[in-house]
Amino acid sequence: GHWKHGGIVGVFGYGGGVIGRYCDQPERFPGVAHFHTVRLAQPSGLFYKADYLEELCDLWDMRGSGMTNMHGSTGDIIWLGTTTPQLEKIFFELTHNHNHDLGGSGSNLRTPACCMGMSRCEFLCYDTHLMCRALINDYHDMVHRPQFPYKFEFKFYGCPNGCVASIARSDFSVISTWKDDIQIDQTTVQGLRQWRDDSQHRRPP
């Protein structure tokens with residue numbers, strides 16, 4: 001195709017977080033002579049406040065194309081399309097004004113991802129948010145400075161339901177399971193059945 005994928009482009013001190021994209025016909029299409037992709041690290045469980053997302057979108061509208069991907073199959077917020085002179089400005093505003101970091105790209109550790117965890121799931125067997133955060137803290141340098149021959153990904157399930165598709169989309173998949181038979185509170189089950197039966201009797205004919 002007409003797009004060059006990759007290349008030496010990024011922000012000072014980081015080897016990842018930006019994917020260089022260039023058109024092979026810049027004279028004919030100067031508006032997309034370079035159209036780089038920026039990857040933003042996602043929080044554990046993908047939780048955001050609406051006003052914070054609005055701030056990020058405003059920044060991207062000003063410094064880039066405004067096109068986003070929430071989220072890519074390998075994680076991160078994906079910002080599609082900006083020029084080389086804007087990269088350092090984007091990076092400065094993200095880190096200084098929004099307390100946000102770039103995610104992983106290229107032959108490095110990609111930003112670890114996990115399921116919704118303790119915030120929403122009644123099937124959870126361990127704290128996926130804590131595990132994901134711990135891995136990010138321990139291996140943060142590998143997210144920003146490529147040290148592998150190819151990308152490497154961690155993903156964490158809190159139960160066997162597999163909400164983050166870690167087997168299909170990661171290299172290091174942590175899947176929790178139950179050690180015993182699922183425990184059922186039969187008293188509660190019977191109470192719910194009784195409530196259902198009573199409700200049916202109270203319905204008008």
- Per the helix-only calculation at 222 nm, which mean residue ellipticity applies to the chain, given -39500 (n - 2.57) for every DSSP H run of n ≥ 4 and division by its residues, nearest 500 deg cm²/dmol? -9500 deg cm²/dmol
- Taking the Cα centre of the chain as origin, work out the dipole magnitude from +1 charges on Lys and Arg Cβ and -1 charges on Asp and Glu Cβ, in debye rounded to 20. 400 debye
- Mind grabbing the base-10 log of I(q)/I(0) for the range 106-196 at q = 0.18, 0.25 Å⁻¹? Debye formula, identical points on the C-alpha positions, no solvent, two decimal places. -0.82, -1.18
- Query: In the range 92-205, with Lys and Arg counted as +1 and Asp and Glu as -1 at Cβ, which of these residues, F148, A168, N137, has the Cα nearest the positive end of the dipole, that is, farthest along it?
  - Reply: A168
- Item | Charge dipole (debye, nearest 20) of the range 92-205; +1 at Cβ of Lys and Arg, -1 at Cβ of Asp and Glu | 340 debye
- Query: For the Cα atoms of the chain, what angle does the longest principal axis make with the long axis of helix 84-97, in degrees from 0 to 90, nearest 10?
  - Reply: 40 degrees
- Item | Largest-first principal axis extents, alpha carbons of the range 1-60, Å | 41, 24, 22
- Task: State the Kirkwood hydrodynamic radius of the range 130-181 in Å, one decimal place, computed from all pairs of distinct Cα atoms.
- Result: 12.4 Å
- Message: Let me check I have the definition right: for the range 71-117, take the eigenvalues of the Cα gyration tensor, multiply each by 5, take square roots. What are those semi-axes in whole Å, largest first?
- Response: 22, 14, 10
- Accessible area, 1.4 Å probe, largest first: how do H144, H96 sort? H96, H144
- Message: Cut-off under 30 Å on the C-alpha distance; same-chain residues fewer than 8 positions from K151 excluded. Which lysines are left, in chain and number order?
- Response: K4, K49, K89
- With every protein chain in place, the range 143-205: carbon and sulfur % of accessible area (1.4 Å): 54 percent
- For the range 178-192, what does the Karplus curve 6.51 cos²θ - 1.76 cosθ + 1.60, with θ = phi - 60°, yield as ³J(HN,Hα) per residue in whole Hz, taken in order and with x for Gly and Pro? 7, 7, 9, 4, 4, 8, 10, 7, 5, 4, 5, 4, 5, x, 5
- Message: Probe radius 1.4 Å, ligands and nucleic acids ignored: give me the carbon and sulfur share of the accessible area of the range 1-104 as a rounded percent.
- Response: 58 percent
- Item | trypsin sites (Lys or Arg not before Pro) lying in DSSP loop within the range 16-104, provided at most 11 other Cβ fall within 10 Å | R28, K49
- Query: What is the ratio of the Cα radius of gyration of the range 1-104 to 2.2 N^0.38 Å, where N is its residue count, to two decimals?
  - Reply: 1.06
- When the distances between all Cα atoms of the range 74-149 are binned every 10 Å from zero, what whole-number percent does each bin get? 16, 38, 33, 11, 2
- Nearest-10 value in Å² for the accessible area of S119, using the 1.4 Å probe: 60 Å²
- Quick one: work out the % antiparallel among DSSP beta bridges in the chain, nearest 5. 75 percent
- Would you mind calculating the gained length between D51 and K4 on full extension (0.36 nm times residue separation, minus the Cα-Cα distance), in nm to one decimal? 13.4 nm
- Task: With viscosity set to 1.002 mPa s and temperature to 20 °C, compute the Stokes-Einstein D of the chain, Rh being the Kirkwood radius across alpha carbon pairs; µm²/s, no decimals.
- Result: 110 µm²/s
- Dipole magnitude of the range 38-106 about its Cα centre (Cβ charges: Lys, Arg +1; Asp, Glu -1), debye to nearest 20: 200 debye
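The values are calculated or read from the model by the stated rules, or taken from the named source; none is laboratory data. Keep in mind that what you see is a predicted model, and the values were worked out from it rather than measured. A quick note on method: Cβ atoms are made from the backbone with ideal geometry, for glycine too, and the neighbour counts reach across all protein chains shown. Heads up: the accessible areas ignore ligands, DNA and RNA and are worked out on the full protein's heavy atoms, side chains in. Shrake-Rupley method; radii C 1.70, N 1.55, O 1.52, S 1.80 Å.
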